[in-house]
1. Just want the ordering: Met66, Met1, from fewest to most Cβ atoms lying within 10 Å of their own Cβ.
2. Grab the beta carbon distance between Leu217 and Lys180, set R0 = 41 Å, and tell me the FRET efficiency rounded to 0.05.
3. If you build the convex hull over the alpha carbons only and average its shadow over all orientations, what do you get for the chain? Give it in nm² to one decimal.
4. What is the spin-label model distance, in nm, from Val48 to Ile15 if the labels are put 7 Å beyond Cα along the C-beta direction?
5. Where does each of Phe58, Phe28 land when they are ranked from fewest to most other beta-carbon atoms within 10 angstrom?
6. Is the C-alpha gyration tensor of the range 1-41 telling us rounded, prolate or oblate? Criteria: a/c under 1.5 is rounded; beyond that, a/b larger than b/c is prolate, otherwise oblate.
7. How far, in degrees from 0 to 90, does helix 154-167 lean away from the longest principal axis of the Cα atoms of the chain, to the nearest 10?
8. Determine the dipole magnitude for the chain: charges of +1 sit on the beta-carbon of Lys and Arg, -1 on that of Asp and Glu, nothing else is charged, the reference point is the Cα centre, and the result goes in debye to the nearest 20.
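A short reminder: the numbers here are calculations on the coordinates, not readings from a lab. Remember, it's a predicted structure, so these values are computed and weren't measured experimentally. Note that each Cβ is placed from the backbone with ideal geometry, even for glycine, and that neighbours are counted across all protein chains shown.
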Amino acid sequence: MKEYIKAQSKTNEIIVGNTVNADELDRFSKSDFRWADNRKKSFQHRPVKKGEIYQFEFGKNFIPEMSYEHRGLVIGVKQKLLYVLPIFSYDPHKHTDVYHPVDFPTSKSDKFLLKSSEFSFISHDSVLKLNDIRTVSINRILYQQSGRINPSSDTYREIESLVLRKYFPSFLYDYENNKKALDSLYNQLASLTEEKNSLETEVERLKSEIDSLHKKLASAANT
């Protein structure tokens with residue numbers, strides 16, 4: 001109880017001191033209420049799939065972590081835990097460096113631009129935060145957004161690849177090198193198999209010619 005009163009006093013102190021604006025006060029108040037109201041509830045029973053977009057309650061976090069209520073793209077599901085990339089509104093004046101496969105293909109930014117002209121489920125340009133993957137409970141879902149990025153699409157595959165490149169560069173480097181080596185071995189195997197089949201065909205042809213010669217020799221010997 002002592003620590004709770006201490007925490008509440010500190011919160012009241014920053015509110016009275018006007019270091020928290022009205023919008024953030026409203027958002028973290030909702031966040032606290034949702035946590036208190038839902039922390040003991042059973043897990044939601046809903047099928048969640050990769051590529052789907054939900055409205056999440058991310059809770060209170062430190063800058064530059066995503067906080068409060070935001071959309072998120074699900075890129076992994078492990079029982080009741082979801083792996084999510086946060087989505088937030090794009091501001092070209094604030095977000096001067098973003099990645100887009102067509103408009104900004106050379107950018108190394110951690111922000112992936114989702115253009116409303118390319119995705120019907122967003123009403124305005126948004127940004128996918130590639131470097132802030134979150135592991136969240138399924139109970140952080142507030143509701144499902146319309147639309148989905150198909151996991152088999154080029155866009156989704158590129159998003160996954162960029163996330164791997166940012167979080168696990170050494171793993172991805174080894175994986176890509178191993179894949180190249182494996183592809184090379186498969187090509188060699190295919191080439192050797194083709195040569196083997198060609199040789200077997202030639203052997204069968206030669207056997208046929210030899211049999212034919214044996215028959216001619218036998219016929220000549222009997223005349």
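1. Values: Met66 19, Met1 5.
Ascending number of Cβ neighbours within 10 Å: Met1, Met66.
2. Values: r = 55 Å, r/R0 = 1.34.
According to the calculation, E is roughly 0.15.
3. On the way: hull surface 92.0 nm².
Value for the chain: 23.0 nm².
4. 3.0 nm
5. Working: Phe58 19, Phe28 16.
In increasing order of surrounding Cβ atoms, one gets Phe28, Phe58.
6. Details: a/c = 5.24, a/b = 1.25, b/c = 4.19.
Oblate shape, in that a/c is at least 1.5 and b/c is the bigger or equal ratio.
7. In the chain, helix 154-167 runs at an angle near 70 degrees to the longest axis.
8. Details: 34 positive and 31 negative charges, 213 e Å.
It works out to roughly 1020 debye.
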